[in-house]
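Just below is one structure, and these are the notes that go with it.
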Amino acid sequence: MALENGMDERTTELARLREIIDTLDTKILLLLNERFEIALRIGRLKGSIVDPVREDEVLSHVRSVSNELLVGSKFAERMYASVLQRSRELQSGSAKLIGFQGEHGAYSEIAALKFIAEVLRERAVTLPFRTFEDIIDNVERGLIDYGILPVQNSLEGPIPSATYALLESDLYVVCEIVLPIRHCLLTLPETDPRNIRFVYSHPQALAQCRNFLKRLSLESVEYYDTAGAARKLASERMSNAAAIGSELAAKIYGLEVLKESIQDYPHNRTSFWILSKETRATGSKCAVTFLLEDRPGALLGVLEYFKSREVNLTRIVSLPSRSEPHVYRFFVDFETERVLDSFDVFVAGLKAKTMELRMLGLYDSLVVER
Ligand SMILES: C=C(O[C@@H]1C=C(C(=O)O)C=C[C@H]1O)C(=O)O
């Protein structure tokens, strides 16, 4: 009997330690992934790819830090020879780089992956950035090829910070991705659902699942990012908590999808814009921004102009101009079908009816169904 108990204990301990190994492997691979992402960005900053002096520095650095560890300097050196080789391989590849805001598994990244698979159709890598401004700055400097920004959510409306960031840049909209946002309840694989008390996520995601959380008496905990919440749950092994995030986040951080599509409104969609330095010559939609004179009927004049040419508006948003008080800037998206043959003439006419008209870009829209 005692022996059997001992065996049980060993088996339990073995399983527990192996789970820790799995978690550590996930972390190691995520860190390696991050290192390769940085290498890709470095690749855009320098002339020739192989830099033997730098490689010696890297090797001597890893040798010195691993001296006293179980890793040992010889092992570290062997391992890093492969890492450096992979790093060079990636840098010499021709993959396009697409910046998104947030951590891996963010909805922006899912939209960017749809753009790659269905529009771009060439090798491309999604790279995480902290802010919209960081993304724009990197596209402007040619250090990445495209950026993706969320512009509008079907439940919450426009996302002004992204719109202003675009306005202050020299970039153009080249594609729109409309993505259904299906929030999932994510947990550690070993979590007993009865023990869940807290749910971590971005305030918007928590708000969009308010009724669901209330029904199950779960306590919301705000976190800066949905994918970040999933990563926190995984790295801190929180067995009394869950996160709200994407299926992709579950896959990346080794979490289980306990329940899919938990948002209170099933038709939750976000539109994202793909930004580039180069404008497109044509597209089924066009985005413009302008100011209007402060007089009665100024907006009506513009709307009548669209109506007279049978041009359908797909979005009209006004936001404070920021440079002057009480001045509003309009952001209008329209279908180009009716005016494509005489597009420049149409825009010139619009320019005459508005102030500071700026073309934000011609683009096609990809509406993702699943
Ligand atoms: C990343 C770089 O490019 C190559 C890869 C290196 C690395 O992965 O550390 C180091 C030197 C270069 O051969 C770099 O120049 O820093």
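Observations
- The listed residue being assigned to a strand (DSSP E or B), open to solvent by less than 90 Å² (accessible area, probe 1.4 Å), within 26 Å of residue 365 (Cα to Cα) and among the hydrophobic types (A, V, I, L, M, F, W, C), out of 290, 346: 290
- Of the numbered criteria (1) out of contact with any Leu (no Cβ under 8 Å at 6 or more places or on another chain); (2) modelled with pLDDT of 95 or more, the one residue 331 fails is (1).
- Residue 239, sole failed condition from (1) closer than 21 Å to residue 130 by Cβ; (2) surrounded by fewer than 24 Cβ atoms within 10 Å (Cβ to Cβ); (3) not hydrophobic (A, V, I, L, M, F, W, C): (1)
- Qualifying residue in the range 263-285 (condition: free of Cβ contacts under 8 Å to residues at least 12 places away in the same chain and open to solvent by 40 Å² or more (accessible area, probe 1.4 Å)): yes
- Check on residue 130, open to solvent by 20 Å² or more (accessible area, probe 1.4 Å) and at pLDDT below 95: yes
- Residue list for the range 127-153, restricted to those being aliphatic (A, V, I, L, M) and either in a loop (DSSP other than H, G, I, E, B) or touching a Gly at 6+ places or on another chain (Cβ under 9 Å) (or both): 127, 135, 136, 139, 143, 144, 148
- Being assigned to a helix (DSSP H, G or I) and either open to solvent by 30 Å² or more (accessible area, probe 1.4 Å) or in contact with a helix residue (DSSP H, G or I) (Cβ under 8 Å, 6 or more places away or on another chain) (or both) is a property that residue 110 has.
Residues are listed down the side, and each one gets a yes or a no for (1) part of a loop (DSSP other than H, G, I, E, B); (2) at positive phi; (3) modelled with pLDDT under 95; (4) of a type in the set (Phe, Trp, Tyr):
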position	(1), (2), (3), (4)
57	no, no, no, no
90	no, no, no, no
115	no, no, no, yes
125	no, no, no, no
155	yes, no, yes, no
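- Of all residues in the range 36-61 being over 31 Å from the mean Cα position of the chain (by Cα) and open to solvent by 80 Å² or more (accessible area, probe 1.4 Å), the one that is nearest to the ligand (Cβ to nearest atom): 54
- Within the range 201-220, if we keep just the residues that are open to solvent by 40 Å² or more (accessible area, probe 1.4 Å) and either assigned to a strand (DSSP E or B) or in the same structural domain as residue 128 (by TED's automatic domain parsing) (or both), the residue that is nearest to residue 107 (Cα to Cα) turns out to be 220.
- When residue 86 is tested against (1) within 15 Å of the ligand (Cβ to nearest atom); (2) within 24 Å of residue 117 (Cα to Cα); (3) within 22 Å of the chain's Cα centre (by Cα), only condition (3) is not met.
- Per the conditions (1) open to solvent by less than 80 Å² (accessible area, probe 1.4 Å); (2) within 23 Å of residue 96 (Cβ to Cβ); (3) within 16 Å of the ligand (Cβ to nearest atom), the sole criterion not satisfied by residue 30 is (3).
- Between 140, 122, the distinction of being touching an Asp or Glu at 6+ places or on another chain (Cβ under 7 Å) and open to solvent by 20 Å² or more (accessible area, probe 1.4 Å) belongs to 140 only.
- Any chance residue 178 is under 26 Å from residue 118 (Cα atoms) and not small (Gly, Ala, Ser): yes
- Criterion (loosely packed, with under 15 Cβ neighbours inside 10 Å, in the same structural domain as residue 176 (by TED's automatic domain parsing) and more than 30 Å from residue 141 (Cβ to Cβ)) met by exactly one of 322, 295: 295
- Hey, residue 182 open to solvent by 10 Å² or more (accessible area, probe 1.4 Å) and without any contact (Cβ under 8 Å) to a residue 12 or more places away in the chain or not: no
- Looking only at the range 62-80, residues that are exposed (fewer than 12 other Cβ atoms within 10 Å of the Cβ) and within 13 Å of the ligand (Cβ to nearest atom) come to 0 in all.
- Residue match in the range 11-25 (condition: out of contact with any Cys (no Cβ under 8 Å at 6 or more places or on another chain), within 16 Å of the ligand (Cβ to nearest atom) and part of a helix (DSSP H, G or I)): no
The values are calculated or read from the model by the stated rules, or taken from the named source; none is laboratory data. Just so you know, these numbers come straight off a predicted model, no measurement behind them. Cβ sites come from the backbone with ideal geometry, for glycine too, and all protein chains shown count toward neighbours. What goes into the accessible areas is simple: the full protein's heavy atoms, side chains included, and nothing from ligands, DNA or RNA. Shrake-Rupley method; radii C 1.70, N 1.55, O 1.52, S 1.80 Å.
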